[in-house]
Amino acid sequence: MTVMEFEFSDTIAGYVTALDKDANAVTLKTTDNREFLLKLTPTTYGRLLRNLDEPSMDCTGQLHGLLHPGQYIFAYGIFYPQHDGHVFEAKVIDFPGNRPGKYRFEESEWWIKQAGSIANFFIRFQFGKTGSIDYRNYRTSLALTGEQKGDFRQETDTISRLVYGFASAFMLTGEEIFLEAAEKGTEYLRDHMRFYDIDENIIYWYHGISVKGDKEHKIFASEFGDDYDAIPMYEQIYALAGPTQTYRLNGDPRIMKDIKMTLDLFDRFFLDRENRGYFSHIDPVTLDPRSESLGENRARKNWNSIGDHAPAYLINLWLATGDDRLKDFLKYTADCIVDYFPDYENSPFVQEKFHEDWSHDKSWGWQKDRGVVGHNLKIAWNLMRINSLVPDERYVRLAKSIAEVIPSVGMDKQRGGWYDVMERTLINGEEFYRFAWHDRKAWWQQEQGILAYQILYGVLKDEQYRKLARESAAFYNTYFLDHDDGGIYFNVLASGIPYLLGTERLKGSHSMSGYHSIELAYLAAIYTNLLNTYQPLELYFKPLEGGFPEGVIRVAPDILPQQSIRITGVWIDNKPWQNFDPDELVVQLPNLNYRPKVKVRLEPAGKK
């Protein structure tokens, strides 16, 4: 084997074990306990982690003082061949915190501020030219710097996901502009993207519309390549994401009616009553999941059609209503996942594609026999949420299995962060699972890793989960925040350097809006403050007159372990209000003839 005789740059993530000041060198141990010697040079500089909208924090002059044993760092530098081996010279050292065990993203306001900054980015570039929130000016595609691209296509799902982001940002910050954007976006979806089928008495949602001047052309069936000329379940699911989160804020009964009639669509045309689960696609004319026109999507089920209900809208809908039918729906989807998705006899990744009888589909489209790392993590995250509502040892067992197995095949143990799509099996003597196309890391898959391990630690208190949650959040906050133009990068290289080519250069696209990044900020604020660092969290609501049934707001921020949090204060229009149940997490509104602004303070019940 030829000895390495070329230099290359790369990143090493790990924990400081020793500092040799005389040799100006640092010993670093990766998360899987491999040791590297890092040489510091006269041009090595250091940076302390900063949030969006914060100035650069140079700490070069404090390097030796920060490199204590146990300190987690990212070192970007150059490998040079030397003496039949190599030497690594660090050029940039990033510190997630200023001392061992201290991470800036565990500050009580970190994720709240990040959510506000991302929401303001989309306000500025989607609506800034007009000075008002007008969704006729919304465009699916945004450039790296935020400018709108030249297309006039508006996709239902990307608007709905952005609406979710605005609604969540309002819940965290109370800023009225985010509420206005959420409510106007929901209204725009209802007016332009919703179709009421009089004959069937159901609602489904257009794929999108093309806007040309004052005219719009509605596009019913999907025009996305994987789902072309069909109605995919996931598009209908995500059409509910934004309106449902908005309903949590204002209790608008019209939104609830739309949601219920869309759920009727799911039950009548997507549900497989014979074999369980939900079909992934239906024909746009006959609404038949077995229509020959669907091609390779005929009579299929997949992760999205089963697992995406819970995170996209169903958990939030249950939080807003407490409806037992929704609890049963959550249990139904979780049961399907634990019964059919594990495939550990053949692969460390779950199976994601199925025929209608649940036999494995390993030939579909781009997926073939491949696993999406983020979907595995998403299963662990959401099973832990559902388990706090409907306890089932099978949910915890699968979540823990994923948490134990997936780092060895889907996590970058050298640099940090989570990979994208992997081959599910090894062939021809391979020892490492192969990347399907590349070793880049997408922003949304980092979200799944952070939230999965945050809630696993929050519920089970296993220190290994906290370690992986912190490492995941450190990589994301170090490399995905765009401090030049705002917002979040779509993809980074394995080393953490932003990947800025093609559609992955964009800040808005068919795949990216304000959803995953603000969803992460919203839920990370909840898990960090209420489960993991025992700090209070305040949420905001603004109910419509006659909005919530019987004037009761359910203010639980997420499905958390029962009796783990309580209300410690409520303010209506900045005045203290006492009519609430601190343990049931409900607030009884006063009888008013206007919309009050409600602030609720939540704290861990077992605050340490």
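The values are calculated or read from the model by the stated rules, or taken from the named source; none is laboratory data. If you're wondering where the values come from, they're calculated on a predicted model, not measured in any experiment. Positions of Cβ are backbone-derived with ideal geometry, glycine not excepted, and every protein chain shown enters the neighbour counts.
Okay, here's what the table says:
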{"item": "Long-range neighbours under 7 Å by Cβ, at least six apart or interchain, first residue in contact (Cβ under 8 Å) with a residue 12 or more places away in the chain and over 20 Å from Phe74 (Cα atoms) within segment 404-429, second of a type in the set (A, V, I, L, M) and surrounded by fewer than 20 Cβ atoms within 10 Å (Cβ to Cβ)", "result": "Val421/Ala436; Met422/Val409; Met422/Ala436; Glu423/Ala436"}
{"item": "Number of positions in segment 150-164 that are in contact with a strand residue (DSSP E or B) (Cβ under 7 Å, 6 or more places away or on another chain) and modelled with pLDDT under 90", "result": "2"}
{"item": "Check on Leu19, outside the structural domain of Ser517 (by TED's automatic domain parsing) and under 17 Å from Ile78 (Cα atoms)", "result": "no"}
{"item": "Tally, over segment 181-207, of residues that are on the phi > 0 side of the Ramachandran plot and surrounded by 19 or more Cβ atoms within 10 Å (Cβ to Cβ)", "result": "0"}
{"item": "Subset of segment 59-84 [of a type in the set (S, T, N, Q) and either touching a residue at least 12 places away in the same chain (Cβ under 8 Å) or touching a strand residue (DSSP E or B) at 6+ places or on another chain (Cβ under 6 Å) (or both)]", "result": "Thr60, Gln62, Gln71"}
{"item": "Scan of segment 300-332 for residues that are polar (S, T, N, Q) and crowded, with 22+ Cβ neighbours inside 10 Å, ordered by number", "result": "Asn302, Ser305, Asn316"}
{"item": "Some residue of segment 407-415 being under 29 Å from Phe270 (Cβ atoms), at pLDDT 95 or above and buried (at least 17 other Cβ atoms within 10 Å of the Cβ)", "result": "no"}
{"item": "Any chance Asn591 is loosely packed, with under 15 Cβ neighbours inside 10 Å and modelled with pLDDT of 95 or more", "result": "no"}
{"item": "Among the residues listed as Asn316, Asn376, Asn382, Asn304, the single one being touching a Pro at 6+ places or on another chain (Cβ under 6 Å) and either assigned to a helix (DSSP H, G or I) or farther than 17 Å from Leu398 by Cβ (or both)", "result": "Asn382"}
{"item": "Residue within segment 5-22 that is without any contact (Cβ under 8 Å) to a residue 40 or more places away in the chain, in a loop (DSSP other than H, G, I, E, B) and surrounded by fewer than 17 Cβ atoms within 10 Å (Cβ to Cβ) present", "result": "yes"}
{"item": "Every residue from segment 335-392 that is closer than 25 Å to Asp226 by Cβ and among the basic types (Lys, Arg)", "result": "Lys353, Lys362, Lys368, Arg370, Lys378"}
{"item": "Residue within segment 511-524 that is without any contact (Cβ under 8 Å) to a residue 12 or more places away in the chain and either under 30 Å from Phe152 (Cβ atoms) or not β-branched (Val, Ile, Thr) (or both) present", "result": "no"}
{"item": "Qualifying residue in segment 525-543 (condition: polar (S, T, N, Q) and farther than 24 Å from Ala469 by Cβ)", "result": "no"}
{"item": "Qualifying residue in segment 398-408 (condition: among the basic types (Lys, Arg) and part of a helix (DSSP H, G or I))", "result": "yes"}
{"item": "Residue match in segment 53-74 (condition: in a loop (DSSP other than H, G, I, E, B) and acidic (Asp, Glu))", "result": "yes"}
{"item": "Close pairs from segment 558-569: first within 12 Å of Met384 (Cα to Cα), partner of a type in the set (S, T, N, Q) and assigned to a loop (DSSP other than H, G, I, E, B), Cβ under 7 Å, at least 6 apart", "result": "Ile559/Ser388; Leu560/Ser388; Pro561/Ser388"}
{"item": "Qualifying positions in segment 343-355 - in contact (Cβ under 8 Å) with a residue 12 or more places away in the chain and surrounded by fewer than 19 Cβ atoms within 10 Å (Cβ to Cβ)", "result": "Asp343, Tyr344, Asn346, His355"}
{"item": "Subset of segment 1-51 (residues that are in contact with a strand residue (DSSP E or B) (Cβ under 7 Å, 6 or more places away or on another chain) and among the small types (Gly, Ala, Ser))", "result": "Ser9, Ala13, Gly14, Ala18, Ala25, Gly46"}
{"item": "Residues within segment 265-292 that are in a helix (DSSP H, G or I) and either surrounded by 15 or more Cβ atoms within 10 Å (Cβ to Cβ) or of a type in the set (Phe, Trp, Tyr) (or both), tallied", "result": "4"}
{"item": "Search result, residues across segment 469-507 that are outside any loop (DSSP other than H, G, I, E, B), out of contact with any helix residue (DSSP H, G or I) (no Cβ under 6 Å at 6 or more places or on another chain) and of a type in the set (Gly, Ala, Ser)", "result": "Ala474, Gly502"}
{"item": "Close pairs (7 angstrom Cβ cut-off, 6 or more residues apart or separate chains): in the same structural domain as Arg248 (by TED's automatic domain parsing) in segment 180-202, assigned to a loop (DSSP other than H, G, I, E, B) anywhere", "result": "Glu180/Ile133; Ala181/Ile133; Lys184/Ile133; Met193/Tyr206; Phe195/Tyr206"}
{"item": "Of all residues making up segment 142-167, the number that are surrounded by fewer than 21 Cβ atoms within 10 Å (Cβ to Cβ), over 20 Å from Trp205 (Cα atoms) and touching a residue at least 12 places away in the same chain (Cβ under 8 Å)", "result": "8"}
{"item": "Residue match in segment 53-67 (condition: crowded, with 16+ Cβ neighbours inside 10 Å and of a type in the set (S, T, N, Q))", "result": "no"}
{"item": "Residue list for segment 529-570, filter: crowded, with 16+ Cβ neighbours inside 10 Å, in a helix (DSSP H, G or I) and more than 23 Å from the chain's Cα centre (by Cα)", "result": "Gly551"}
